[in-house]
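J.: Please read through the structure below; I'll follow up with questions.
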Amino acid sequence: MRVLVYGSGQLAQMMYLAGCPLGIDVQAVDVNTETVVHPVSKRPLDVSLAQALESSDALTAEFEHVPEHLLEEASKTEKLFPSMNAILVGADRVREKRLLNALNVPNAAHQVVTYADQIEDCVSALGDQLIIKASRDGYDGYGQWRLTSEEQLPELKQALSSLDLQAVPLVVEQMINFERELSLIGVRDKEGNIQMYPLAENLHHQGQLHVSVAPAPNVSAQLQQKAEEIFRVLADGMNYVGVLAVEMFQCADTLMVNELAPRVHNSGHWTMTGSDTSQFENHLRAVVGLPLGDTSAIGPSAMVNIIGCSSFSRDLLKISGCHLHWYGKTVREKRKMGHINVTAASYVGLGEKLEELGKYVPAEYFPKLGREARRLKQIQP
Ligand code: ATP
Ligand code: MG
């Protein structure tokens, strides 16, 4: 069997690795050159995109910003999973908000802005604690502005004045005073069967995910159930096939959806070693029509992103339950270079392992590690 992935980054690489034992050959499309490449070496394969479309059993995407003409071409084959519509929902915050509202899924109060002066109406309607997001092409906190008092309005309008808001509108959201960020990763197959992983807790630094812990500590059965209900409504509502990630804010016992990622997700990387079936394998299973795998966690796990740094001691591999996943990219500031998965028998054990991990990696690139280790060590068994 063969799966063609639009996008040739680390997510395609990890799908490729998950496909090997199942006999699923994963090829990737470099969407800039529109060539078919090997997902690990990134070397061009001796096959045209048209041939690859023909010979693949399923087509999928590792990121939502695939050029629309490519998605249209893929969609025509009726082998694209998730659907073009679901991918576009993830690519465009205006569509995303429309879907959330149409399905009555709680999300931050917001307005769509197509010219800069409308920001003033947003302040009247939503208050002066706002987060302003470009509706397309944002990631890792890029394409976002914050307003924390009305006095900053002129400055903000100045910053937005160079943008073409008719072409790319803004979504202006009320700033949510959340307790923590959680994500639910789940998978839905073509028959509508759904499997969901336990909630992960996500720790960000400067708009980027640094650490995920799963199962998230202190999650009541009711909270997990609430998250699962939201997932079901969204996945069924889109007739979704594949892995879907739902990012949420927790405020006391309520959940609010922040955004959707119609693909395997960074906050699901822990499943590679921390769950019975990884998100990558489950995604492949869903899109080719194989039975979905068990999504339960085998113990508490942490996923630690390696961001903008390539020099650290490989001796971290001495820690039992600690695994390095390296993406093979040239180092750049803020670039995700790889991740480290750590699994333990308890949260305390996980905290101890993260503390040990801190001895092998430069602290300035891992600003969340030390505190998280200390927090986990205090969780009562
Ligand atoms: P990603 O890398 O997850 O794709 P992104 O740049 O697309 O990120 P968001 O996830 O929408 O954008 O926002 C990035 C981060 O900004 C969130 O993880 C959260 O910490 C913060 N944030 C976003 N929206 C709000 C909000 N309405 N209120 C408070 N904080 C927010
Ligand atoms: Mg996000």
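J.: Please give the contour-minus-distance gain from residue 2 to residue 296: 0.36 nm per residue of separation, less the Cα-Cα distance, rounded to one decimal in nm.
T.: 103.2 nm
J.: Can you spot the lysines whose alpha carbon is less than 19 Å from residue 42's alpha carbon? Ignore those fewer than 8 places along the same chain.
T.: Here the lysines satisfying the reach criterion relative to residue 42 are 329, 336.
J.: State the extension gain, in nm to one decimal, for the chain segment bounded by residue 25 and residue 41, taking 0.36 nm per residue of separation less the distance between their alpha-carbons.
T.: Contour length minus Cα-Cα distance gives 4.3 nm.
J.: Place a point 7 Å from the Cα of residue 326 along the Cα-to-Cβ direction; which residues of region 252-277 have their backbone N under 14 Å from it?
T.: No residue qualifies, since no backbone N sits under 14 Å from the label point.
J.: Okay, next question. Compare 266, 218, 202 in a GNM of the chain, Cα atoms joined below 10 Å, and give the one with the largest fluctuation.
T.: The residue with the greatest mean-square fluctuation here is 218.
J.: A further question follows. Give the residue from 158, 122, 170 lying farthest towards the positive end of the charge dipole for region 109-174; charges sit on Cβ (+1 for Lys and Arg, -1 for Asp and Glu) and the dipole is referred to the Cα centre.
T.: Result: 170, furthest along the dipole toward the positive end.
J.: Let me check I've understood the local charge: for residue 96, count other residues with C-beta under 15 angstrom from its C-beta, Lys and Arg +1, Asp and Glu -1. What total comes out?
T.: With Lys, Arg at +1 and Asp, Glu at -1, the neighbours total +1.
J.: Please tell me the relative contact order of the chain in percent, rounded to the nearest whole number, where contacts are Cα pairs under 8 Å and at least six residues apart.
T.: 13 percent
J.: Shifting gears a bit: In terms of Cα to Cα distance under 18 Å, which aspartates and glutamates are near enough to residue 377, apart from those fewer than 8 places away along the same chain?
T.: 201, 352, 355, 356
J.: Sticking with this structure for a sec: Over 25 Å, how big is the tail of the calculated P(r) for the chain, in percent of all Cα pairs?
T.: Counting pairs separated by more than 25 Å, the tail of P(r) holds 56 percent.
Only the coordinates and a few stated rules stand behind these numbers; no lab work does. This one's a predicted model, so the numbers in the text were calculated from it and none came from an experiment. Neighbour counts run over all protein chains shown; Cβ positions are idealised from the backbone, glycine included.
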